[in-house]
Amino acid sequence: MCGMCLPHCPTYRVYRSESDSPRGRIALMSALAQGELLDDPRLRLHLDRCLACRACEAMCPSEVPYGQLIDAGRAMLEQHRPPAPWPRLLRWIGADLLLARPRRLRPLAKLLRLSQRSGMDRLAPLLGLGAAARLLPPLQPLPKWHDYYPPGLPKQGDVALFLGCIASVVDSPTSLAAIRVLNRLGYGVYVPSAQVCCGAVHQHAGRPERALASIRANLRVFAGLPVQAVIGTASGCTAMLQDYPCRLGEDSEPAAATPPGLPAPVRDISDFLTGVTWPTGLAPAPTPLRVTLHNPCTLLRVLHKGDAPGRLLERIPSLEVCTLEEKGRCCGAAGTHMLTHPSLARALRGELLDEIEQQAPDVLATSNIGCALHLRAGLRERGLDPEVLHPVQLLSRAIA
Ligand code: SF4
Ligand code: SF4
């Protein structure tokens, strides 16, 4: 327990307390598992505050698998004492009923769009929903997804696209941009309509059984597709999809009808696009914009593809790309963390916003929907208005 991870932990930087550091949390979880400590609200708070950003794991000389430990620790707490009835009901509505079946989010998204257009969303704070409403970007009309988007010629192959739950309703422009670029590069795109949430929300909330239900559902939906890659645009979801084999390894009751895995390797969209052959004559148009590139924790430390968006954007002439000083500094979004721990999330976001403000970009580019929502809301609060886009949206515009 050398402590080398401590200076890299965002919660330790904010709270300066051993219990809010990776080493402290490992000690707390170990004591809990051995019955030396009782489950109490303070212990829960220290484990809850962890962003699962895995900055500690990346710095650990002993290769302690912190990501797995914190998931297991939270599962242990969930077993000790499940939440009280009212929070449990809210969680059931939010995570189990809506997120787990993204098609159920569509009517809600239409209602939210209507409220934004009519100005009714200004009443959200009266209902205690101000924080959630501030996170929403101006919602676009929801597309009607097709099962298959045929490629341009010459055809190079087929891929499948994972839409995500929240991303499928608040970030459909990124998915449409990904399809457009893939088609232009000669890839047909399957978009299975019955796909569900990747399961990350449940996995990181200490509910591995619920996550496994999502995993099994997705494996059935994607099974047998004749594709060479399963592509994700949100790095948080892509990281979870890539982790499916590990999660299935923990499944004590494999369902007989569940396929053993996804039909092809899981790839981040930027990484995939930088690795394939581009048709001769497909040249992105010069785009004289200044772009700040944000690197989500999951892209950098879980997928290990932190350089892919930068390499992709190098293909666009005249684009000026600025990087942030400390690559992969957590913005505080961390799934639902930005809603459940708003003051910590704001403190961490503030450090990044200061640097973005100094760079004064036209566009902030990030590859994860949670980070995009959280950073966009912070920029708006400061009266700053760079567009917040996924790198693939910039590319799609440049080759339109
Ligand atoms: S998690 Fe790794 S880096 Fe952190 S204290 Fe333990 S051994 Fe050291
Ligand atoms: S995952 Fe991130 S927040 Fe959690 S202990 Fe590690 S560095 Fe700290």
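The number of residues in segment 298-316 that are touching a residue at least 40 places away in the same chain (Cβ under 8 Å), assigned to a loop (DSSP other than H, G, I, E, B) and open to solvent by less than 20 Å² (accessible area, probe 1.4 Å) comes to 2. For first residues located in segment 275-287 and under 16 Å from LEU394 (Cβ atoms) and among the polar types (S, T, N, Q), partners that are in a loop (DSSP other than H, G, I, E, B) and open to solvent by 30 Å² or more (accessible area, probe 1.4 Å) and lie 6+ apart or on another chain with Cβ distances below 7 Å form the pairs THR287/SER318. Looking only at segment 11-43, filter to residues that are charged (D, E, K, R) and within 12 Å of ligand 2 (Cβ to nearest atom); which one of those is nearest to GLY332 (Cα to Cα)? Here the answer is ARG13. For MET4, the criteria (1) more than 16 Å from ligand 1 (Cβ to nearest atom); (2) surrounded by fewer than 16 Cβ atoms within 10 Å (Cβ to Cβ); (3) in contact (Cβ under 8 Å) with a residue 12 or more places away in the chain hold in every case but one, which is (1). Within segment 243-257, one or more residues are within 20 Å of PRO102 (Cα to Cα) and at pLDDT 90 or above. Identification of helices (runs of 4 or more DSSP H) wholly contained in segment 101-173 with 1 or more residues that are of a type in the set (S, T, N, Q) and modelled with pLDDT of 80 or more yields 105-118, 166-170. Within segment 17-57, the residues that satisfy the criterion of being more than 16 Å from ligand 1 (Cβ to nearest atom), over 19 Å from CYS297 (Cβ atoms) and either without any contact (Cβ under 8 Å) to a residue 40 or more places away in the chain or among the charged types (D, E, K, R) (or both) are GLN34, GLY35, GLU36, LEU37, LEU38, ASP39, ASP40, PRO41, ARG42, LEU43, ARG44, LEU45. The sole residue among THR323, THR336 that is closer than 22 Å to VAL201 by Cβ, more than 16 Å from ligand 1 (Cβ to nearest atom) and β-branched (Val, Ile, Thr) is THR336. Summed over segment 188-209, the residues that are over 15 Å from the mean Cα position of the chain (by Cα) and farther than 20 Å from GLN79 by Cα give a count of 8.
Checking each residue in segment 353-367 for being of a type outside the set (Ser, Thr, Tyr) and not in a helix (DSSP H, G or I) picks out ALA360, PRO361, ASP362, VAL363, LEU364, ALA365. Under the condition of being outside any helix (DSSP H, G or I), crowded, with 22+ Cβ neighbours inside 10 Å and modelled with pLDDT of 90 or more, the residues counted in segment 317-352 number 4.
Checking each residue in segment 159-173 for being surrounded by fewer than 24 Cβ atoms within 10 Å (Cβ to Cβ) and of a type in the set (S, T, N, Q) picks out only SER172. Total residues in segment 116-134 satisfying the condition of being surrounded by fewer than 14 Cβ atoms within 10 Å (Cβ to Cβ) and either hydroxyl-bearing (Ser, Thr, Tyr) or farther than 19 Å from GLY370 by Cβ (or both): the figure is 10.
The values are calculated or read from the model by the stated rules, or taken from the named source; none is laboratory data. Model, not experiment: these values are computed from the prediction. Here the Cβ is made from the backbone with ideal geometry for all residues, glycine too, and neighbour counts use every protein chain on show. Ligands, DNA and RNA are excluded from the accessible area calculation, which covers all protein heavy atoms including side chains. Shrake-Rupley method; radii C 1.70, N 1.55, O 1.52, S 1.80 Å.
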